[in-house]
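Novice: Have a look at this one before I ask anything.
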Amino acid sequence: MKNKILAIALLQFLFALNACSSDSGDSPTPTPEPPVVVVKTAKISSYSKNTGETGETISITGENFSDKVSDIKITFDGVNATIVSATATEIKVVLPQTEKVLPKMVITMADKQISNEVKNSYNGNIGILPKPVADAWFTIENTKKSSLEIGRTQMISDKVMYYSIGQDISEGVYRTLDGGISWSLWATSQYNFGFYVTKNDEGLCYTLYGDQSTGGGLNKIPAGGKAYGTPNAYVWKEINSGSPGISSVYVDDNLQKGTIVSQRGDVYVTSNGADFTQVYDANLNDANYDAGFINKSAEIDNNHIWVAGQKTIKSINYPFILFKNNETDGWKEHYLQNEANARVSEVSFADVSNGFVLLNNATIYKTTNGGDTWTKVYTGEKFTKFTFKDANTGWAILENKIYKTIDGGVTWTLDYTNNQNIKSIGYKNNIVWAVSTDNIIKRYL
């Protein structure tokens, strides 16, 4: 009983002590809340350039980047790139050497991939071209990867080139404006019909409408190209049945003065880009005249144009050249009477005086006076196409090989071997372009 009374007393004492403590006004110190940390998302918004060469420094701009280079990793198709500097809004990176010209770019910060909001023609990536080496061939990936034959090519610069492929309306003239990284359809045509592009990305292009009975016409192509021409879009309509086609086209930069030549040897000129007047007729395939055709051409300007093919004279087929080589003489005809049963398979002029024709892919003739006279300089390998820089220097294709001459076509030596057949070759402003299915092949001179 005594112990029970002591326990009750002790409990009352503790209650009283607690009450005194509460009355004193003292309160326990509250536990502080942890600070709120706002995580800002890093984003890529633009590049200083959408394309560059291996070794070139590109700026990547955006927001909320790390300013520590060690926190950042940039890869192009898995290849690490060197980072020069980094701030919260800009990263400077050196473009690495990559196998593909349009590699996938990935940027990580603290092992986390950051958001890419760039809207460009490369799905937010950066195109990378190899750094050119003077006097050496190099290859880049051909992103077009077409197995079709190439009919005609036109080079504008080291970054801009046009070529025609295909036999139907779904194909036509394709172009690259970025050195071969990307290709787009500039105009519909057939691979061996004529087209000409100005430095402004405008030009004229022959298009066949429907079938041969309806013929075709010449379309004026605006900058940016036009994927499909309709009969209401032409500036000149075929007037002969059977679709003779246009094998040669030239127009000046303002799309006013121009010349077109049909496969039948009909020559038309315009002074306003819209109204064409016939100024010459070679009468190829016309009744009571010797038959023939034209399907190759070289154009320098309105007064220096050469078209070539074949003409039948007294039942014998001869290589035939129709040309204009000055301002006053007008159009002239020439056939190589020592080359019976042959045709011109390629023509190239380095300037207004020096030109070359390839006969049946194996014999080369040269002119030094604009086509008035021709001299045989070579018979040998069966080249398919060639191009010339000047009166002495040129390149020719034989399957997967490129041969070079430095003596005006008299002798040829092997200059480059590709891993597959080469389909075209051309020269402009100290740059040689060649194209295969998988590769763009270049040489800077």
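Novice: Under the definition of Cα pairs under 8 Å and six or more residues apart, what whole-number percent is the relative contact order of the range 258-414?
Specialist: Reported relative contact order: 12 percent.
Novice: Separate question: Considering only protein heavy atoms and a probe of 1.4 Å, how much of the accessible area of the range 344-439 is carbon and sulfur, as a whole percent?
Specialist: Heavy-atom surface of the range 344-439 belonging to carbon and sulfur, 1.4 Å probe: 43 percent.
Novice: Now, a different point. I'd like the trypsin sites (Lys or Arg not before Pro) in the range 122-156 restricted to DSSP loop residues with at most 16 other Cβ atoms within 10 Å, sorted by number.
Specialist: 145
Novice: Note down the net charge around residue 92, summing +1 for each Lys or Arg and -1 for each Asp or Glu among other residues with Cβ under 13 Å from its Cβ.
Specialist: Charge balance near residue 92 sits at -2.
Novice: Can you run phi through the Karplus equation (6.51, -1.76, 1.60; θ = phi - 60°) for the range 263-278 and list ³J(HN,Hα) in whole Hz, with x for Gly and Pro?
Specialist: The phi angles translate into 5, 8, x, 8, 10, 10, 10, 9, 10, 10, x, 9, 9, 10, 10, 6 Hz.
Novice: Keeping every protein chain present and rolling a 1.4 Å probe, give me the accessible area per residue for the chain in Å².
Specialist: 49
Novice: Relative contact order for the chain using alpha-carbon pairs under 8 Å, separation at least 6, rounded to a whole percent?
Specialist: It comes to 9 percent, rounded to a whole number.
Novice: Kindly rank 121-129, 437-445 from highest to lowest mean number of other beta carbons found within 10 Å of each residue.
Specialist: Those peptides, ordered most packed to least, come out 121-129, 437-445.
Novice: Also, quick follow-up: For volume of the Cα convex hull per residue in Å³, several values are listed as (i) 132; (ii) 244; (iii) 262; flag the one computed from this structure.
Specialist: Correct label is (ii).
Novice: Quick one: Karplus J couplings for the range 120-131, per residue in order, coefficients 6.51, -1.76, 1.60, θ = phi - 60°, nearest Hz, x for Gly and Pro?
Specialist: Karplus values, whole Hz, x for Gly and Pro: 9, 6, 10, 6, x, 9, 10, x, 10, 9, x, 6.
Novice: What is the set of long-range amide H partners of residue 266 at a cut-off below 5 Å, with H atoms built 1.01 Å from backbone N?
Specialist: 282
Novice: Hey, another quick one. Hey, any idea what % of the range 99-171's accessible area is carbon plus sulfur with a 1.4 Å probe?
Specialist: Carbon-and-sulfur percentage of accessible area, whole number: 47.
Novice: Skipping prolines and chain starts, which residues have an amide H placed within reach, meaning under 5 Å, of the one on residue 53, given they are 5 or more residues away or on another chain?
Specialist: Sorted by chain and number, the residues that satisfy this are 129.
Novice: Tabulate in residue order the Karplus-calculated ³J(HN,Hα) for the range 419-425, using 6.51 cos²θ - 1.76 cosθ + 1.60 with θ = phi - 60°, rounded to whole Hz; enter x for Gly and Pro.
Specialist: Once θ is set to phi - 60°, the couplings for the range 419-425 become 8, 7, 4, 9, 9, 7, 8 Hz.
Novice: Search the structure for amide H atoms under 5 Å from the amide H of residue 361, placed 1.01 Å from N in the peptide plane, and list their residues when 5 or more places away or on another chain.
Specialist: 345
Novice: What's the ranking of 255-263, 41-49, 111-119, 313-321 by average number of surrounding C-beta atoms within 10 Å, highest first?
Specialist: Averaged packing, sorted descending, gives the order 255-263, 313-321, 41-49, 111-119.
The values are calculated or read from the model by the stated rules, or taken from the named source; none is laboratory data. Remember, it's a predicted structure, so these values are computed and weren't measured experimentally. Reconstructed Cβ throughout: ideal geometry from the backbone, glycine too, with neighbour counts over all protein chains shown. Protein only, heavy atoms only, side chains kept; ligands, DNA and RNA dropped before computing areas. Shrake-Rupley method; radii C 1.70, N 1.55, O 1.52, S 1.80 Å.
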